[in-house]
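Asker: Supplied in structure tokens, the structure appears directly below.
The values are calculated or read from the model by the stated rules, or taken from the named source; none is laboratory data. Predicted model, so just to flag it, every value in this text is computed and none were measured. We place every Cβ from the backbone using ideal geometry, glycine too, and count neighbours over all the protein chains shown. Surface accessibility is based on the protein's heavy atoms, side chains included, excluding ligands, DNA and RNA. Shrake-Rupley method; radii C 1.70, N 1.55, O 1.52, S 1.80 Å.
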Amino acid sequence: MGSTVLTRSQARAVDDIAIREYGIPGIVLMENAGRGIAELLLKESPTGRVTVLCGPGNNGGDGFVIARHLAIAGLEVMVIICTDPKNYHGDAATNSQIIQKAGLPVLQLSMPENLDRLISELQNSDWIVDAMLGSGTQGAIREPYLTIINAVNGIGKPVLAVDVPSGVDCDQGPTPDATIQARITATLVAAKPGLLTLEAEEYVGRLEVLGIGLPNIILTQILKS
Ligand SMILES: NC(=O)C1=CN([C@@H]2O[C@H](COP(=O)(O)OP(=O)(O)OC[C@H]3O[C@@H](n4cnc5c(N)ncnc54)[C@H](O)[C@@H]3O)[C@@H](O)[C@H]2O)[C@H](O)CC1
Ligand SMILES: [K+]
């Protein structure tokens, strides 16, 4: 399965089949994704302060799971969201509620008025986790993510990108001048075409492919169809 590449619609279909045909709840996939990525980061940096930037969808949901597992491992974690936590739904909402109840620090910073606070949090971090935009990214990158992507790239701290660096269209590739430059990209299930283009190299950094507990037969089924 190592060299498999999944398009956005194939990755969506994998999710669908796992949940609908095999009965693996989405929250289990998100937990496996987030825990695997947290363990990858802990190998790189077993101590220190990590700022997790969470977007409005399930990529952000993965970020909440990552933050929880990093905190369990004893790291100092700060979660930053730009959207009202009430806007989350489904598995991302569940994980947002869990970390709020667990007392993890969550900062809601609307842009651009809170850009200075964002920059100081980023400067005060050893690692940044980019859990803003994932495989659901469509079209030109909209605010506040343009501002945040440029702030993160300007700070120069190591970034671990969740699934894809924010700004990457998983089929087409990176948005020039509006894509996170990651040290590591931890992509889920399989590589994506948009991570393998020539332009993508400077944004993807080291590419790691993480399983999320799907039986191999699901991938075989999708790749055959
Ligand atoms: N099987 C798997 O691979 C699993 C993947 N997981 C994670 O889920 C995300 C995909 O989640 P989804 O909610 O579909 O989309 P995103 O979180 O990537 O973001 C969509 C969200 O962002 C906004 N948005 C979309 N396009 C733009 C844009 N051009 N500019 C600004 N904002 C944009 C919009 O609001 C969308 O709602 C995947 O990447 C994995 O991280 C699951 O957690 C586990 C299974
Ligand atoms: K991301």
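Asker: Per residue, how much accessible area does the chain show when a 1.4 Å probe rolls over the protein heavy atoms, in square angstrom?
Answerer: Details: 9960 Å² over 225 residues.
For the chain, the solvent-accessible area averages 44 Å² per residue.
Asker: Among the lysines, which have Cα under 30 Å from the Cα of Lys224 when same-chain residues fewer than 8 positions away are ignored?
Answerer: Of all the lysines, those that pass the test against Lys224 - Cα under 30 Å, at least 8 places apart if same chain - are Lys192.
Asker: Taking 8 Å as the Cα distance limit and 6 or more residues as the minimum spacing, I'd like the relative contact order of the chain as a percentage.
Answerer: 22 percent
Asker: I would also like to ask the following. Rounded to the nearest 500 deg cm²/dmol, what is the calculated helix-only ellipticity per residue at 222 nm for the chain, with -39500 (n - 2.57) per DSSP H run of length n ≥ 4? Walk me through the intermediate numbers first.
Answerer: Numbers: 8 runs with 92 residues, N = 225.
After summing the helix terms and dividing by residue count, I get -12500 deg cm²/dmol.
Asker: What FRET efficiency, computed as 1/(1 + (r/R0)^6) with R0 = 25 Å and r the Cβ-Cβ distance, is obtained for Ile72 and Arg12, rounded to the nearest 0.05? Walk me through the numbers on the way to the answer.
Answerer: On the way: r = 30 Å, r/R0 = 1.21.
Rounded to the nearest 0.05, the efficiency is 0.25.
Asker: With both bridge residues required to lie in the chain, what share of the DSSP beta bridges run antiparallel, to the nearest 5%? Mind dumping the intermediate values first?
Answerer: Values: 2 of 28 bridges.
Here the share of antiparallel DSSP bridges comes out near 5 percent.
Asker: A further question follows. Take the Cβ-Cβ distance between Glu201 and Ser225 as r, set R0 to 45 Å, and report the resulting FRET efficiency rounded to the nearest 0.05. Kindly include the intermediate steps, with their values, before the conclusion.
Answerer: On the way: r = 30 Å, r/R0 = 0.67.
It comes out at approximately 0.90.
Asker: Measuring from label point to label point, each 7 Å out along Cα→Cβ, what is the Thr147 to Val28 span in nm?
Answerer: With each label point 7 Å from Cα toward Cβ, the separation is 4.1 nm.
Asker: To the nearest 20 debye, what charge dipole does the chain have about its Cα centre, counting +1 at the Cβ of each Lys and Arg and -1 at the Cβ of each Asp and Glu?
Answerer: With Lys and Arg at +1 and Asp and Glu at -1, about 420 debye.
Asker: Using 0.36 nm times the number of residues separating Asp116 and Thr4, minus their current alpha carbon distance, what extension gain do you get?
Answerer: Gain in length upon complete extension: 36.2 nm.
Asker: In a Gaussian network model over the chain where Cα atoms closer than 10 Å are linked, find which of Asp177, Asp91, Asp130 has the largest mean-square fluctuation.
Answerer: Largest GNM mean-square fluctuation: Asp177.
Asker: Carbon and sulfur together cover what percent of the accessible area of the chain at a 1.4 Å probe radius?
Answerer: Carbon with sulfur: 51 percent of the solvent-accessible area.
Asker: I want to verify the translational diffusion coefficient of the chain in µm²/s; compute it with Stokes-Einstein, Rh as the Kirkwood radius over Cα pairs, at 25 °C and 0.890 mPa s.
Answerer: The estimated diffusion coefficient comes to 142 µm²/s.
Asker: Could you list, bin by bin from short to long, the percent of Cα-Cα pairs of segment 1-125 in 5 Å steps?
Answerer: Per 5 Å bin, starting at 0, the Cα pair percentages come out as 2, 10, 19, 20, 19, 14, 10, 5, 1, 0.
Asker: Along the charge dipole of segment 120-225, Cβ charges K/R +1 and D/E -1, which of Ile212, Ile148, Thr185 sits furthest on the positive end?
Answerer: Ile212
Asker: May I pose another question? Would you please give the residues with an amide H less than 5 Å from that of Gly211, counting only those at least 5 places away or on a separate chain, with H modeled from the backbone geometry?
Answerer: When sequence neighbours closer than 5 places are left aside, the close amide H contacts are Val189.
Asker: Which longest run of the chain has no exposed loop site in it, a site being GluC sites (Glu not before Pro) in a DSSP loop with at most 12 other beta carbons within 10 Å, and the site itself not part of the run? Walk me through the numbers before you get to the answer.
Answerer: Values: sites that count: Glu21, Glu113.
Longest site-free region, per DSSP loop and neighbour criteria: 114-225.
Asker: What FRET efficiency would be calculated for the residue pair Asp126, Gln100, taking the C-beta separation as r and a Förster radius of 35 Å, to the nearest 0.05?
Answerer: The formula returns an efficiency of 0.90 here.
Asker: Let me ask something additional. Distance between Cα centroids, segment 49-120 to segment 29-46: provide it in whole Å.
Answerer: Rounded to whole Å, the Cα centres lie 15 Å apart.
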